[in-house]
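Right, one structure below, let's go through it.
The values are calculated or read from the model by the stated rules, or taken from the named source; none is laboratory data. Just so you know, these numbers come straight off a predicted model, no measurement behind them. Here Cβ is always computed from backbone atoms with ideal geometry, including for glycine, and neighbour counts include all displayed protein chains. Only protein heavy atoms, including side chains, enter the accessible area calculation; ligands, DNA and RNA are left aside. Shrake-Rupley method; radii C 1.70, N 1.55, O 1.52, S 1.80 Å.
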Amino acid sequence: MKDFMARNPFWSLIIVLAICFLIWAIFAPWPPGFVDTFGRKKIFLNALFNGVTLGALYFLVASGFTLIFGLMKNVNLAHGSLYLLGGYIGYDVANTTGWWLLSFVVVFVVVGAMGVLLQVLVFQRMEGEDLRQTLVTIGISIVVADLMLWYWGGDFYQILTPDWLSGPIQLPIVTAVKSSGEAVFLKYPFVRIVILVASIVIGLAMWLSLNKTRVGMLIRAGVDDRDMLSATGVRIQRVFVLVFAFGAGLAGVAGVVGGTFQSLAPGEDTRFLLASLVVVIVGGMGSIPGAALGALLIGLAEQFGSVYMPTYAVVLTFLIMVVVLAFRPQGLLGERR
Amino acid sequence: MAVTEETGTTSIDGKPQSAWSGLSLGSIPTPYWIVGAVMLLMPALVGPFFLFQVFGWALILGMIALSLMFLGGYGGMVSLVQMSVAACAAYMLAIFGDSAITQISLGWPWWVAIPIALIIATGFGTLTGALAVRTEGIYTIMITLAIASAFFYFTRQNYVLFNGFSGFNGVKPPQLFGVDWRQPIPFYYLTLFWAAVAYLSVLYVSRAPFGLALQGVRDNARRMEALGYNVTAHRIAAYVFASFIAAVAGILLVWLNGQVSPGTAGIGPAIDILIIAVVGGLARPVGPFIGAIIYVLLRTFALDFMVSMGLSGERFQLLVGLVFLVIVFWSPDGILGLWERWRNRMNSTDPLTGEARNKDGGSEA
């Protein structure tokens with residue numbers, strides 16, 4: 001952080017100014033001239049909050065992807081299928097048992113087990129063969145997508161939010177001041193706030209366990225030099241299986257989250273695969289903080305894009321990726337190897 | 001493009017040789033004659049449906065996959081953007097030439113519209129390549145996949161230029177020399193001609209100094225750089241060449257379908273091109289055409305086949321996916337690789353000892 005500020009005083013200043021402006025735009029009531037140019041403050045705030053929660057969802061999907069890639073150099077293009085499968089299974093569990101929270105546990109275990117199968121049956125057989133892994137996982141995603149279409153059909157599914165989470169809550173943020181002088185506060189769906197907080201907690205927990213625990217130490221050592229790590233006597237294949245199971249389980253859990261505040265349908269697997277690709281390319285391959293930053297950027301870009309330039313919102317995310325690639329090919333927080 | 005000083009390889013006796021030297025008519029192996037004759041006589045053998053919908057389509061898809069094979073096989077860069085380049089050429093032809101969407105199409109004559117379409121599409125492919133070569137290996141696949149989907153979404157959302165979701169229809173080939181080129185037989189020969197040109201030019205380039213340098217870059221980029229080759233320039237030049245082939249195929253494709261829409265360049269078709277190239281085999285230029293024939297036959301007849309087997313025809317994608325999965329799982333170099341291994345097992349000498357192998361291929365096992 002200090003390094004960055006010392007090296008790039010100009011950019012640091014711009015970033016600090018942008019953050020100050022953002023804080024002002026969130027908390028202060030907007031002057032009328034501002035409203036004329038940018039529309040009502042409520043729209044802006046909603047786009048901001050939706051962007052951040054969408055970023056949280058993207059982070060859940062992409063962090064597993066980036067962890068698997070960073071450690072094992074395994075390119076799992078079936079990651080989107082794991083997401084959608086998790087969502088469907090979560091829907092079935094939540095629907096039959098009525099317990100929303102139970103679906104998270106079941107999905108984490110089931111999809112994590114699928115991840116173990118993938119690692120043992122597919123990736124261990126073709127270690128180091130990038131292209132073959134890519135092709136095989138593309139094949140798997142095609143087959144799995146069609147099997148899911150077969151079983152669950154082409155309908156839209158939405159996982160019902162449990163009662164204790166549904167409904168909006170009032171946030172201490174002023175959107176407008178009525179003519180009577182009474183302030184209007186922002187209302188926002190409670191479940192999204194919970195999801196956002198949960199993702200932040202998961203992200204922090206991942207960061208802490210990567211940096212403070214023994215398994216995290218093994219994983220970081222594996223990222224740096226896995227041959228040397230296995231030479232020191234660590235049974236590295238077990239670490240691989242563990243990480244793969246965790247990453248896959250996370251993708252499944254993200255599916256339940258996505259199914260709760262968006263919807264599940266065929267094609268969502270490709271969408272989330274692409275989203276996680278863009279997120280990790282922007283943030284930097286194999287970096288958890290990079291995935292968080294990339295997910296936040298892409299989520300915000302998508303939501304603000306859909307509010308302020310609805311036609312090209314989807315293209316905007318790819319534009320960000322192209323710009324990042326052109327100026328910083330290793331990603332914003334990636335390390336050059 | 002000429003990064004190297006040399007103009008041709010040198011033969012053993014010191015005489016300069018071009019890439020085609022040693023190629024007289026007699027040196028062409030018999031299978032090539034047979035395949036060539038069969039392809040030329042095809043209109044006498046099969047009906048118009050086969051000619052147009054099966055072989056025409058397969059040759060076009062084969063050309064697009066060939067451009068991928070050139071990048072992937074010789075350059076080591078697997079690019080998923082080739083279908084988008086083809087669709088870009090198709091769009092440009094529809095925009096500058098004639099189509100049923102008269103408020104957008106400019107209606108310029110074909111000899112202006114086609115070169116412009118080719119140039120723009122090649123430029124698009126080159127720009128993509130210039131971005132993609134900043135990264136290596138697996139990143140290339142991801143970036144080109146992302147650019148291909150960006151192109152798909154852009155064409156779907158843009159109504160001013162690309163006419164959004166519905167795209168363009170009514171794009172017809174010009175009436176040249178009094179021939180209606182959309183009739184099955186003329187169209188078949190048209191695609192056959194361009195596919196042959198594309199095939200032979202890839203074969204030529206792969207043996208020319210540029211192609212050899214490209215293969216050197218694929219095998220060891222750092223060493224080639226140390227030898228004084230401009231690695232980036234070679235890679236981008238490969239994209240230019242491959243994009244041009246894909247652009248030609250795109251123009252043929254829009255004539256075949258009569259229309260172009262965002263679905264032409266979707267993520268599914270982009271991956272299908274990769275499947276075609278890989279199933280055929282990335283090692284030789286003929287692979288993509290074999291893959292394309294298999295793909296088109298599956299696509300056309302799998303439905304009937306599955307229905308007759310008592311399965312529902314909707315599971316077509318499952319069949320394609322399973323075939324693809326089985327092939328890449330057990331034979332990374334595609335059908336051609338399978339064929340080569342089988343042939344080696346059947347009749348060959350042991351590469352180490354020079355002795356004839358057992359009939360049952362004992363030394364292999």
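Annotations for the structure displayed:
- Residue check for A:SER103: of a type in the set (Gly, Ala, Ser), more than 18 Å from the chain's Cα centre (by Cα) and open to solvent by less than 20 Å² (accessible area, probe 1.4 Å): yes
- Scanning region A:128-155 for residues that are within 7 Å of chain B (Cβ to nearest Cβ), closer than 21 Å to A:LEU71 by Cα and open to solvent by less than 30 Å² (accessible area, probe 1.4 Å) returns A:THR134, A:LEU135, A:VAL136, A:ILE138.
- Region A:315-335, residues that are assigned to a loop (DSSP other than H, G, I, E, B) and within 8 Å of chain B (Cβ to nearest Cβ): A:PRO329
- Taken over region A:71-100, the criterion of being over 16 Å from the mean Cα position of the chain (by Cα), of a type outside the set (Lys, Arg) and within 14 Å of chain B (Cβ to nearest Cβ) is satisfied by A:MET72, A:ASN74, A:VAL75.
- Test result for B:ILE245, at pLDDT 90 or above, closer than 18 Å to B:THR126 by Cβ and in contact with a Leu (Cβ under 8 Å, 6 or more places away or on another chain): yes
- Output for region B:31-62, where each listed residue is of a type in the set (Gly, Ala, Ser) and surrounded by 21 or more Cβ atoms within 10 Å (Cβ to Cβ): B:GLY56, B:ALA58, B:GLY62
- Any pair with Cβ under 9 angstrom, 6 or more apart, that starts in region A:254-268 at a residue that is without any contact (Cβ under 8 Å) to a residue 60 or more places away in the chain and over 18 Å from A:ASP163 (Cα atoms) and ends at one that is of a type in the set (A, V, I, L, M) and crowded, with 24+ Cβ neighbours inside 10 Å: A:GLY267/A:LEU84
- Within region B:117-143, the set of residues being within 11 Å of another protein chain (Cβ to nearest Cβ), touching a helix residue (DSSP H, G or I) at 6+ places or on another chain (Cβ under 8 Å) and either hydroxyl-bearing (Ser, Thr, Tyr) or outside any loop (DSSP other than H, G, I, E, B) (or both) comprises B:THR128, B:ALA130, B:LEU131, B:ALA132, B:THR135, B:ILE138, B:TYR139, B:THR140, B:ILE141, B:MET142, B:ILE143.
- A single entry from B:VAL54, B:VAL78 fulfils the requirement of being of a type in the set (A, V, I, L, M) and in a helix (DSSP H, G or I): B:VAL54.
- Residue satisfying all of: in region A:274-312; of a type in the set (Ser, Thr, Tyr) and within 14 Å of chain B (Cβ to nearest Cβ); farthest from the chain's Cα centre (by Cα) among these: A:THR311
- Hits in region B:215-232 - residues which are part of a helix (DSSP H, G or I) and within 12 Å of B:GLY75 (Cα to Cα): B:GLN215, B:GLY216, B:VAL217, B:ARG218, B:ASP219, B:ALA221, B:VAL231, B:THR232
- A:LEU165, sole failed condition from (1) in contact (Cβ under 8 Å) with a residue 40 or more places away in the chain; (2) open to solvent by less than 20 Å² (accessible area, probe 1.4 Å); (3) within 12 Å of chain B (Cβ to nearest Cβ): (3)
- Summed over region A:231-249, residues that are open to solvent by 10 Å² or more (accessible area, probe 1.4 Å) and in a helix (DSSP H, G or I) total 9.
- For region B:112-124, the criterion of being under 30 Å from A:VAL280 (Cα atoms), at pLDDT 75 or above and of a type outside the set (A, V, I, L, M, F, W, C) is satisfied by at least one residue.
- Residue pairs whose Cβ atoms lie under 8 Å apart, sitting 6 or more positions apart in sequence or on different chains, and linking a residue in region B:311-324 that is facing chain A (nearest Cβ under 8 Å) to a partner that is modelled with pLDDT under 75, are B:ARG315/B:MET306; B:VAL320/B:ALA302.
- Selection within region A:258-273: residues that are within 23 Å of A:ILE142 (Cα to Cα) and in a helix (DSSP H, G or I). The member of this set that is nearest to the other protein chains (Cβ to nearest Cβ) is A:THR270.
- Criterion: in contact with a Phe, Trp or Tyr (Cβ under 9 Å, 6 or more places away or on another chain) and in contact (Cβ under 8 Å) with a residue 60 or more places away in the chain - qualifying residue of A:VAL239, A:VAL307, A:VAL243, A:VAL315: A:VAL307
- Among the residues of region A:287-337, those identified as more than 22 Å from A:LEU196 (Cα to Cα), crowded, with 21+ Cβ neighbours inside 10 Å and among the small types (Gly, Ala, Ser) are A:GLY331, A:GLY334.
- Among the residues listed as B:VAL171, B:VAL197, the single one being closer than 24 Å to B:MET63 by Cα, of a type in the set (Val, Ile, Thr) and surrounded by 16 or more Cβ atoms within 10 Å (Cβ to Cβ): B:VAL171
- Every condition in (1) surrounded by 14 or more Cβ atoms within 10 Å (Cβ to Cβ); (2) at pLDDT 80 or above holds for A:ILE173 except the one numbered (2).
- Note on region B:147-158: residues that are more than 20 Å from the chain's Cα centre (by Cα) and facing chain A (nearest Cβ under 8 Å) amount to 5.
- Selection within region B:91-126 - under 21 Å from the mean Cα position of the chain (by Cα) and open to solvent by less than 40 Å² (accessible area, probe 1.4 Å): B:TYR91, B:MET92, B:LEU93, B:ILE114, B:ALA117, B:LEU118, B:ALA121, B:THR122, B:GLY123, B:GLY125, B:THR126
- Verdict on A:ARG125 being open to solvent by less than 50 Å² (accessible area, probe 1.4 Å), assigned to a helix (DSSP H, G or I) and within 14 Å of chain B (Cβ to nearest Cβ): no
- Residue list for region B:146-164, restricted to those being open to solvent by 10 Å² or more (accessible area, probe 1.4 Å) and modelled with pLDDT of 80 or more: B:ILE147, B:ALA150, B:PHE151, B:PHE152, B:TYR153, B:PHE154, B:ARG156
- The numbered conditions (1) touching a Pro at 6+ places or on another chain (Cβ under 8 Å); (2) away from every other protein chain (no Cβ under 14 Å) are all true for A:VAL116 except (1).
- Sub-7 Å Cβ pairs linking a first residue in region B:219-241 that is among the β-branched types (Val, Ile, Thr) to a second residue that is in a loop (DSSP other than H, G, I, E, B), at least 6 apart or interchain, are B:THR232/B:VAL133; B:ILE236/B:VAL133, ordered by first then second residue.
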